[in-house]
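Please read the structure below before turning to the comments.
The values are calculated or read from the model by the stated rules, or taken from the named source; none is laboratory data. Because the structure is predicted, anything quoted here is derived from the model rather than measured. Using ideal geometry, Cβ is built from the backbone for each residue, glycine included, and neighbour counts are taken over all protein chains shown. Protein only, heavy atoms only, side chains kept; ligands, DNA and RNA dropped before computing areas. Shrake-Rupley method; radii C 1.70, N 1.55, O 1.52, S 1.80 Å.
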Amino acid sequence: MSAGKEFTKGFWRENPSLVLLLGMCPTLAVTTSAFNGLGMGMATTVVLIGSNIIISLIAGIIPKKVRIPSYIVVIATLVTMVDMFMAAYAPDLHSALGLFIPLIVVNCIILGRAEAFASKNSVGYAALDGIGMGLGFALTLFILGSIREVLGNGTLTVFKYKEVLLQFVVYHKEAIRPVLVFILAPGAFIALGFLLAFKNYIDGFKKKNA
Amino acid sequence: MENRTFAVANSPHVHDNSSIQKIMWNVFLALIPATFVSVYAFGFQAARVIAVSTIAAVVFEYIALLFMKRDWRACFDGSAAVTGLLLGLTLPSNISTGIILIGSFVAIIIAKQVFGGLGHNPFNPALTARVFLLIAFPGPLTTWPLPRGLENASKFMGVATTKVADAVTTATPLGAIKQNAVQAMPNININDLVFGLQTPGSIGEISALALLLGGIWLLYKKIITWHIPVAVIASVGFVALITWRIDPKHYADPFFHFFAGGLFIGAFFMATDYVTAPIFSTGKLIYGAGVGLLTIIIRLWGGYPEGISFAILIMNAVTPLLDRWTVPKPFGFQKVRSKS
């Protein structure tokens, strides 16, 4: 496969959330606002790129029997770094995501890519795969977070860092009552279900016309 | 096939000439007394809620069937209309039309057609929509107008109200008990709960008598069996009786729990939904007892004043297990002894 395809597959064809259905825990839990989803996606992307590169480099010297624990050690190290960086430089986002940052360690996407791709491919391809998959994941979380935030709160928070706040008010809460359930857990499942159905519908449409 | 002398059809071989339409329109008929009482009690507003939810449910069914390239005539089989009517009956009468439309959408599209349409939905569509709305719009879904508007306001609340407001809202009897049982208990009049003309509540739940009438019609027509309603009401009564005997000051008596809230509409019309209730008698009894116990537990010690909708949905989830567990033994069945 060409390098370009390794990069773009994460966005649509092998999108980690919508096709591989991996990383459901952060996908459902933190997407209460668009920016939370984006932040989670970016944190995962950083860890994914790092772990893919390192694991691709050391895959040859790890004994096969202990490869999973070794991957976990690598991933956990990177997650701890991301966790501390976020706590230092983006404390608001860090407290909003809370427990789900340390939980990136057990995110199936990262371990899945390490096992299925990075350990079998060269460093360049592994890095591209990490970037593509990570950004695809971040994009999905951003879209899911946008849907939930607009429906459940009437706003769309694109960026929030210290004093800089880029937030659109889609409709006023006084005029139109927001559907509160979309901010809560059931709304996450419903929104994800419809997003999945929509993607499959487009895929089916494409296949028919191809 | 036509050349064969003996065509072998699949079972069942005995038909009683029933159909989805017949069953659904009978359920519709059985709900008419409750609907009339509510329209009488809440006036035009109740008629509006019921009409919007029923028509919207049928329209959404039609759209979904078109979208999935199925036979669109299935939207007139009555199942969508019954779902819409049941949803309308579980809502307060002053709810805005937009919320009703969202409710009908959730009931038909999300709770029913997404799972494959009639017969494939794991959860009761009307109740799924009601619980969805309760979580999505907690404010409007828990504001209960008094029946007959201001005429009864002074009577019920003990304050003189002149014509200053369009409607008066107040807590349901169950809500009042939840807030302060000791204070609310002496004000409760069982007659009001039975006839339902003076108690606040959802459109369809106010008159226990009208619902009972509908339930008896369903039993008479053999649309439902006695197992589920009896098990639900008996288990609610059992727990209520125990708690009432222990502490009559803080716990209401069983009759209050029978006639207040949505117990009757739930027990007769919601819990008995063919698609989401167990098939076999033993399973129905266990299912009904589960619904009743969960209802009374939520009512007495839960966070919400009324729990029957949650109870039925939880037991809906258990239904497939109950169906596997309670398969009756065929006549003459013997367990094969293992050689040991």
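In region B:88-120, burial by the other protein chains removes 30 Å² or more of accessible area from B:Ile110, compared with the chain on its own (1.4 Å probe, ligands and nucleic acids ignored).
The B and A chains share an interface that buries close to 800 Å² of accessible area, total over both sides, probe 1.4 Å.
If you plug the beta carbon distance of A:Thr77 and B:Phe67 into 1/(1 + (r/R0)^6) with R0 = 51 Å, you get a FRET efficiency near 0.55. In terms of its Cα atoms, the protein assembly as shown spans 80, 79, 57 Å along the principal axes, sorted from long to short. What translational D, rounded to a whole number of µm²/s, comes out for region A:96-189 from Stokes-Einstein when the hydrodynamic radius is the Kirkwood one over Cα pairs, at 4 °C and 1.567 mPa s? Approximately 82 µm²/s, per Stokes-Einstein. Accessible area per residue for the protein assembly as shown, computed on protein heavy atoms with a 1.4 Å probe, is 51 Å². For chain B, the dipole from Cβ point charges (+1 on Lys and Arg, -1 on Asp and Glu) about the Cα centre works out to 840 debye, to the nearest 20.
Where does helix B:125-136 land angle-wise versus the long Cα axis of chain B, in degrees 0 to 90, nearest 10? For B:125-136 against chain B, the angle is about 40 degrees.
Karplus-derived 3J(HN,Hα) values for region B:262-269, using 6.51 cos²θ - 1.76 cosθ + 1.60 with θ = phi - 60°, are x, 4, 6, 5, x, 5, 8, 10 Hz; glycine and proline are entered as x. Computed 3J(HN,Hα) for region B:27-36, one whole-Hz value per residue from the Karplus formula 6.51 cos²θ - 1.76 cosθ + 1.60 where θ = phi - 60°, is 4, 4, 4, 5, 8, 4, x, 4, 5, 5, glycine and proline marked x. Amide hydrogen proximity for A:Lys160: with H placed 1.01 Å from N in the peptide plane, the residues at 5 or more positions away or on another chain lying under 5 Å are A:Leu166. Here the Karplus relation 6.51 cos²θ - 1.76 cosθ + 1.60, evaluated at θ = phi - 60°, turns the backbone of region B:323-335 into coupling constants of 5, 6, 7, 10, 4, x, 6, x, 4, x, 6, 10, 6 Hz, with x for every Gly and Pro.
Please report how far the C-alpha centroid of region B:14-50 lies from that of region B:292-321, rounded to the nearest whole angstrom. Here the answer is 24 Å between Cα centres.
Across chain B, the mean sequence separation of Cα contacts (distance under 8 Å, 6 or more residues apart), normalised by length, yields a relative contact order of 17 percent. For region B:33-144, the C-alpha radius of gyration divided by 2.2 N^0.38 Å, with N the number of residues, is 1.03.
The protection proxy used here, the mean number of other Cβ atoms lying within 10 Å of each residue, ranks peptides B:99-105, A:103-109 as follows, highest first: B:99-105, A:103-109.
Taking 0.36 nm per residue of separation and subtracting the current Cα-Cα distance, fully stretching the chain between A:Ser122 and A:Val106 would add 3.4 nm. For region B:274-293, the residues whose backbone nitrogen is under 16 Å from a point 7 Å from the Cα of B:Phe238, taken along Cα to Cβ, are B:282-293. Projected onto planes of every orientation and averaged, the convex hull of the alpha-carbon atoms in chain A covers 13.3 nm². When the square roots of the Cα gyration tensor eigenvalues are ordered a ≥ b ≥ c, the ratio a/c for chain B is 1.5 or more and a/b does not exceed b/c, which makes its shape oblate. Using a 1.4 Å probe on the protein chains only, how many percent of the accessible area of the protein assembly as shown belongs to carbon and sulfur? The computed percentage sits at 68. Report, in degrees rounded to the nearest 10, the 0 to 90 angle that the Cα long axis of helix B:281-301 makes with the longest principal axis of chain B. Approximately 20 degrees, to the nearest 10. Please list, in chain and number order, the residues 5+ apart from B:Trp144 or on another chain whose amide H is under 5 Å from its amide H, with Hs placed from the backbone. Sorted by chain and number, the residues that satisfy this are B:Thr170. Residue by residue along A:175-186, Cβ atoms of other protein chains within 10 Å of the local Cβ number 4 on average.
Take A:Asp83: with every protein chain present and a 1.4 Å probe, its accessible area is about 40 Å². Compared with the dominant Cα axis of chain B, that is its longest principal axis, helix B:227-246 is turned about 40°. The C-alpha atoms of region A:101-153 occupy a region whose extents along the principal axes are 45, 21, 14 Å, arranged from largest to smallest. Near A:Leu38, once Lys and Arg are set to +1 and Asp and Glu to -1 for all other residues with Cβ below 14 Å from its Cβ, the sum equals 0. Placing a pseudo-label 7 Å from each Cα along the Cα-to-Cβ vector at B:Trp325 and B:Ala51 gives an inter-label distance of 4.6 nm.
Checking the Cα-Cα distances for B:Lys112/B:Lys221; B:Lys112/B:Lys335; A:Lys208/B:Lys22 against a 32 Å cut-off, the pairs over it are B:Lys112/B:Lys335; A:Lys208/B:Lys22. Estimated from helical segments only, the mean residue ellipticity of the protein assembly as shown at 222 nm is -18500 deg cm²/dmol, where each DSSP H run of four or more residues counts as -39500 (n - 2.57).
Exactly which trypsin sites (Lys or Arg not before Pro) in region A:145-210 are in a DSSP loop and have at most 10 other Cβ atoms within 10 Å? Qualifying residues, ordered by number: A:Lys162.
Amide hydrogen proximity for B:Ile224: with H placed 1.01 Å from N in the peptide plane, the residues at 5 or more positions away or on another chain lying under 5 Å are B:Leu219.
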